[in-house]
Amino acid sequence: MEKDDKSHYLIYQVLQVTLEEGEMIDIYQNKGRFLYKYAGSFLEEAAILCFEYKFGEEALKKVKIPNTIGQRPKTFEIDCLVGDNAYEIKWRDATTDGDHITKEHTRMQVIKDAGYTPNRIMFYYPNRTQAIRIQQTLETLYQGAEGHYYYGDAAWDYIYEVTSVDLKGILTKIAEENRASKEQ
C-alpha cells in the first residue's frame with residue numbers, strides 16, 4: 001500500500017482528514033475487507049465441518065442446482081446438503097438491497113421445487129435498521145417456503161442440536177487462549 005496512488009487524499013484533506021488519518025483509514029478499510037471475507041469463510045467452513053463430523057460423506061458441500069425459475073443466476077449453490085435439508089450458511093448478512101430479497105426468494109423456491117427444505121443459518125444478525133428489515137423479510141420467506149431460518153443464539157444452538165458439536169464453545173475457547181497468550 002505504500003506505493004499506492006494517494007492522489008485521492010486531496011479529497012480527504014478537503015474534508016479535513018489529515019494525511020495520517022487518511023493512511024489509517026485506507027489501511028483499516030483494507031484490513032476490514034480482508035477480515036470480513038475470511039472471517040465469514042472461516043465460520044461457514046467450520047459449520048460445514050460440524051455437519052461432516054456428524055453425517056460424514058452424507059453431508060455434501062457446495063451443491064449447485066439449476067435455476068428453474070429465472071435466467072439469472074443460472075445456478076444456485078447450496079452450502080451444505082444433508083438428506084433433504086439444504087443449508088445456506090452465513091456468518092452475518094448486512095445486505096440492504098431489494099435485489100437480495102428477490103434472489104433469495106427465487107433461490108428458496110428453486111431449492112423447494114428440487115425437493116429440498118431450505119434452511120438458513122446465520123450466526124450474527126445485522127445492526128442496521130434496513131438490514132434487519134431485510135432479514136425479517138427473509139425469515140418470513142423461509143417460513144413461507146416451509147423452510148427454517150436460524151440466527152444468533154438459535155443458529156449456534158441448532159448446530160449443536162443437529163451435529164453434537166459445540167461450535168460456539170470451541171471458538172470461545174480458542175479466542176480465550178489467544179487472548180491469554182497475547183497477555184503473557
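The values are calculated or read from the model by the stated rules, or taken from the named source; none is laboratory data. In this text, all values refer to a predicted model and were calculated from it rather than measured experimentally. No Cβ is skipped: glycine too gets one built from the backbone with ideal geometry, and neighbour counts run over all protein chains shown.
A compact table of results
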read-out: Residue list for the range 62-76, filter: in contact with a Ser or Thr (Cβ under 6 Å, 6 or more places away or on another chain) and of a type in the set (A, V, I, L, M, F, W, C); value: Ile69
read-out: Close pairs (9 angstrom Cβ cut-off, 6 or more residues apart or separate chains): farther than 19 Å from Leu81 by Cβ in the range 31-56, small (Gly, Ala, Ser) anywhere; value: none
read-out: Output for the range 110-125, where each listed residue is more than 25 Å from Asp166 (Cβ to Cβ) and surrounded by fewer than 19 Cβ atoms within 10 Å (Cβ to Cβ); value: Lys112, Asp113, Ala114, Gly115
read-out: Residue count, the range 3-36 (criterion: within 30 Å of Lys90 (Cα to Cα) and either not in a helix (DSSP H, G or I) or not polar (S, T, N, Q) (or both)); value: 11
read-out: Which listed residue is closer than 17 Å to Glu44 by Cβ and either under 17 Å from the mean Cα position of the chain (by Cα) or at pLDDT 95 or above (or both), from Gly115, Gly152; value: Gly152
read-out: Meets criteria (more than 25 Å from Ala39 (Cα to Cα), of a type in the set (Gly, Ala, Ser) and in contact with a helix residue (DSSP H, G or I) (Cβ under 7 Å, 6 or more places away or on another chain)) for Gly147; value: yes
read-out: Subset of the range 47-79 (residues that are of a type in the set (A, V, I, L, M), surrounded by 13 or more Cβ atoms within 10 Å (Cβ to Cβ) and in contact with a helix residue (DSSP H, G or I) (Cβ under 8 Å, 6 or more places away or on another chain)); value: Ala47, Ala59, Ile65, Ile78
